[in-house]
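Novice: Quick one: structure below, then a few questions.
Please treat every number below as a calculation from the coordinates, not as lab data. None of these values were measured; they are calculated from a predicted model. Note that we place each Cβ from the backbone using ideal geometry, even for glycine, and neighbour counts take in every protein chain shown.
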Amino acid sequence: MSNQDQLSTLVTAFEHWRSNRNGRQVPTPTTLREQAVALLKHHSSSQITSAVRIIGSQLKQWRNSVVPTKTTPQFIHLPISTSPTQPSVKVELCFTSCDCHHVVAKDTIPLTKHLIGCDQ
């Protein structure tokens, strides 16, 4: 929904609320207040106040009283590893019988010992 559509929707919501409220002393619903404050990101306060027919001090008061909703961050911080990473080693063993074996290891010393038979 475009910014202008959001403002038009809010105007319609205010008009509907005004036509159905019980007396002029009824406070503006919180949802309408929050929507008006949210539109401040895209519209000036004078555009909003004139469109929904409220006074500027009312919008300012709503802005100061509305608790912003917590948004999910777009970037997730990951912990930095303090230990250095070792590259993995890929070893391919091919025998005269045409059998091939593939071994991938991160720690090359135990792999080397195992391959040459020193780990026993």
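Novice: Modelling each spin label as a point 7 Å along the Cα-to-Cβ direction, I'd like the S44/S65 distance in nm, to one decimal.
Specialist: Using points 7 Å along Cα→Cβ, the separation is 2.6 nm.
Novice: Take the alpha carbon atoms of the range 3-65, find their radius of gyration, then divide it by 2.2 N^0.38 Å using N residues; give the quotient.
Specialist: Values: Rg = 11.0 Å, N = 63, 2.2 N^0.38 = 10.6 Å.
Computed over Cα atoms of the range 3-65, the ratio equals 1.03.
Novice: If r is the Cβ-Cβ distance from M1 to L78 and R0 is 30 Å, what FRET efficiency results, to the nearest 0.05? Don't skip to the answer; put the middle values down first.
Specialist: Working: r = 34 Å, r/R0 = 1.14.
Here the calculated transfer efficiency is 0.30.
Novice: Further question on the same structure: Give me V26, V37 sorted ascending by neighbouring Cβ count inside 10 Å, so fewest comes first.
Specialist: Numbers: V26 11, V37 19.
Ranking V26, V37 by Cβ neighbours within 10 Å, fewest first, gives V26, V37.
Novice: Out of residues 5 or more away from V89 or on other chains, whose amide H comes under 5 Å of its own, with H placed 1.01 Å from N in the peptide plane?
Specialist: Long-range HN contacts for V89: A105, K106.
Novice: Using Cβ counts within 10 Å as a stand-in for footprinting exposure, how do F75, F14 rank, fewest first?
Specialist: Working: F75 5, F14 19.
Least crowded to most crowded, the residues run F75, F14.
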